[in-house]
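Contents: one structure, followed by commentary.
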Amino acid sequence: MPFPLVDSTVQRRVVDVLSALDVRIAVESQALQKTTLLWDGLINQRLEEHVREYDSARLADVCLGRGSYGSNAAAVARDGRMPRYVRITDIDEQGNLSADVSSTVSVPWVSARPYILEGGDLLIARTGFTTGKSYLYRPSDGLCAYAGYLVRFRVDPSVMLPEYAFMWTRANVFRKWVSRNVREVGQRNISAREYDGHHIAVPPLEVQRELVDAWEAARSTSLLRQQEISRLRTMKQAIADDLLVMVNTGA
């Protein structure tokens with residue numbers, strides 16, 4: 001493999017430029033990690049206090065009906081005229097819908113209609129190693145229908161803020177419940193009926209709103225930092241490509 005042999009001074013300049021970006025990426029990543037750990041700790045502490053301070057109800061009782069399974073229809077290639085098909089793999093570890101359009105699929109209208117998502121719908125994965133993973137649908141995510149390995153809960157906003165229910169499913173109190181109740185025989189799973197029976201603390205709506213506002217502010221800050229890290233990584237790759245071209249061409 002031919003390899004350009006350039007003056008060590010030029011090599012050092014390339015390394016210095018890229019190293020400076022590495023330092024910025026490391027600083028942003030450490031700050032993101034610290035912020036995430038801090039807020040996760042505070043949110044988990046407050047929810048545990050809610051368990052002690054307020055009455056609880058079954059998840060089904062704070063929703064407009066019981067949990068319902070998604071569609072088992074086969075996916076088709078992404079088509080803007082059809083709903084996006086939300087599968088477990090489309091939900092990232094932070095509970096966001098993947099922005100990677102290249103991996104998305106659609107579902108035909110004839111199969112999608114009973115499974116169209118509405119604002120505030122909470123989806124929880126019911127099978128596999130992602131059992132318990134959750135996602136809160138927002139209209140800004142576009143027209144979507146959900147697939148069969150997910151369970152939909154239509155949270156009743158007169159009793160519970162959908163954002164509070166979503167936050168709960170991201171917290172330790174829910175994850176511990178999942179660990180205790182998931183069936184390990186065959187494929188890991190928790191049924192919709194079992195999720196229906198999960199007990200969730202029900203503080204007054206104003207208490208829910210206070211915690212949700214703080215949590216969403218923290219999530220927004222983390223998202224901005226994640227975007228900055230992504231921007232720096234993209235910049236580093238672009239600069240590296242440009243510098244290497246210059247080195248190879250002697251520019």
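Please treat every number below as a calculation from the coordinates, not as lab data. Being a predicted model, the structure only gives us computed values, none of them experimental. All Cβ positions, even for glycine, are placed from backbone atoms using ideal geometry, and neighbour counts span all protein chains on display.
Once backbone amide H atoms are built at 1.01 Å from N, Cys63 has Asp156 as its partners under 5 Å, excluding neighbours fewer than 5 places away on the same chain.
Comparing Asn172, Ile229, Leu243 along the charge dipole axis of segment 130-251, the residue lying farthest to the positive side is Asn172, per the Cβ-charge model.
With a sphere of radius 13 Å drawn around the Cβ of Ala192, what net charge do the other residues whose Cβ falls strictly inside it have (Lys, Arg +1; Asp, Glu -1)? It would help to have the intermediate numbers written out before the result.
Numbers: positive: Arg58, Arg66, Arg126, Arg152, Arg154, Arg193; negative: Glu194, Asp196.
Net of charged neighbours comes to +4.
For segment 89-100, the Karplus equation 6.51 cos²θ - 1.76 cosθ + 1.60, evaluated at θ = phi - 60°, returns couplings of 5, 7, 9, 7, 5, 8, x, 9, 7, 4, 8, 7 Hz by residue, with Gly and Pro reported as x.
A Stokes-Einstein calculation at 37 °C with viscosity 0.692 mPa s, built on the Kirkwood radius of segment 97-251 over Cα pairs, returns a diffusion coefficient of 176 µm²/s.
Based on DSSP loop calls and a cut-off of at most 12 other Cβ atoms within 10 Å, the longest stretch of the chain free of exposed GluC sites (Glu not before Pro) is what?
Working: sites that count: Glu93, Glu118, Glu184.
Free of exposed loop sites, the longest segment is 1-92.
Relative to the longest principal axis of the C-alpha atoms of the chain, give the angle of the C-alpha long axis of helix 205-249, reported between 0 and 90° and rounded to the nearest 10°. For 205-249 against the chain, the angle is about 20 degrees. Residues in segment 132-138 carry Karplus couplings, in order, of x, 4, 10, 8, 9, 6, 10 Hz; the curve used is 6.51 cos²θ - 1.76 cosθ + 1.60 with θ = phi - 60°, and Gly or Pro positions show x.
Each Lys and Arg adds +1 at its Cβ and each Asp and Glu adds -1 at its Cβ; summed about the Cα centre, segment 1-97 shows a dipole of about 380 debye. Between the C-alpha center of segment 1-20 and that of segment 95-165 there is a gap of 48 Å. Distances between placed amide hydrogens fall under 5 Å for Lys133 paired with Ala125, all partners being 5 or more residues away or on another chain.
In the chain, helical runs assigned H by DSSP with n ≥ 4 each contribute -39500 (n - 2.57); averaged across all residues and rounded to the nearest 500, the mean residue ellipticity at 222 nm is -16000 deg cm²/dmol.
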